[in-house]
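For reference, the structure is listed below as structure tokens.
The values are calculated or read from the model by the stated rules, or taken from the named source; none is laboratory data. Remember, predicted model here, so these are calculated numbers, not experimental data. For neighbour counting, all protein chains shown are included, and Cβ atoms are generated from backbone atoms with ideal geometry for every residue, glycine included. Side chains are part of the model used for accessible areas, which takes the heavy atoms of the whole protein and leaves out ligands, DNA and RNA. Shrake-Rupley method; radii C 1.70, N 1.55, O 1.52, S 1.80 Å.
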Amino acid sequence: MTDHFFDVMKNRRSIYQIGGECTVSDDRLIELVEDAVIYTPTAFHSQSGRVILLLGEHHQTLWDITEDTLRKLVPSQDSFASTEAKLNSFRSGYGTILFFEDQGVVNQLQNQFPLYKEHFPVWSEQASGILQFILWCSLEVEGMGASLQHYNPLIDEAVKSEWKVLDNWKLVAQMPFGTLAAPAEERSFLPLAERVKIIR
């Protein structure tokens with residue numbers, strides 16, 4: 001079991017070319033999301049993570065919103081071409097997971113524990129990172145590819161309006177996913193001697 005966990009961790013990659021199929025049922029996807037939200041550790045057991053799973057037309061709408069938003073910021077069609085290609089690769093996937101952090105929970109903890117006030121936003125982001133990693137690995141286990149995107153805060157207001165998202169939910173990241181349409185690019189690693197110190 002330990003070997004399997006590390007195999008999954010090593011195999012998880014940023015997959016940008018994804019297909020519109022899914023290797024599991026929607027019910028299974030929902031189960032993965034719900035289990036990740038329940039069991040992700042959070043500081044003070046705050047349970048501040050929030051997730052919206054977008055499937056079907058809702059998945060397409062997210063990337064339409066993102067494209068419309070970015071087009072207003074890019075001066076010409078020529079300079080937008082590479083951005084458009086990237087967005088189309090996300091749009092071609094099966095779905096997108098939206099990650100949020102409930103700022104109401106963060107604010108409540110800040111008021112309850114003023115000694116740690118400045119740390120709760122940081123701990124909230126750390127918890128979201130764990131949740132993202134768990135779901136990314138869960139998709140890997142099921143034979144799907146995903147990547148993590150950050151078009152927030154540019155798309156925040158449009159997303160909140162489209163899906164009636166509560167004001168205190170802060171958008172943190174977007175994870176488009178689907179079947180693997182192309183392998184991940186090669187990656188390199190910095191020497192471990194520069195990153196790990198063993199003291200014994």
Item to check | Single residue of the range 143-160 satisfying the filter (in a loop (DSSP other than H, G, I, E, B) and under 14 Å from ILE15 (Cα atoms)) that is farthest from the chain's Cα centre (by Cα) | outcome: GLY143
Checklist outcome for this item: The number of residues in the range 10-20 that are in contact (Cβ under 8 Å) with a residue 12 or more places away in the chain and either hydroxyl-bearing (Ser, Thr, Tyr) or surrounded by fewer than 12 Cβ atoms within 10 Å (Cβ to Cβ) (or both) is 3
Item to check | Residue that is part of a helix (DSSP H, G or I), under 17 Å from the mean Cα position of the chain (by Cα), surrounded by 14 or more Cβ atoms within 10 Å (Cβ to Cβ) and of a type outside the set (S, T, N, Q), where the choices are ALA127, ALA173 | outcome: ALA127
Checklist entry - Within the range 1-120, which helices (runs of 4 or more DSSP H) (wholly inside it) include 3 or more residues that are at pLDDT below 95 and over 22 Å from ASN152 (Cα atoms)? => result 2-11
Next on the checklist: Among the listed residues VAL165, VAL196, identify the single one that is over 22 Å from THR83 (Cα atoms), open to solvent by less than 70 Å² (accessible area, probe 1.4 Å), at pLDDT 95 or above and among the aliphatic types (A, V, I, L, M).
Outcome noted: VAL165
Checklist outcome for this item: Subset of the range 28-50, residues open to solvent by less than 30 Å² (accessible area, probe 1.4 Å) and under 23 Å from GLU162 (Cβ atoms), comes to LEU29, VAL33, SER48, GLY49
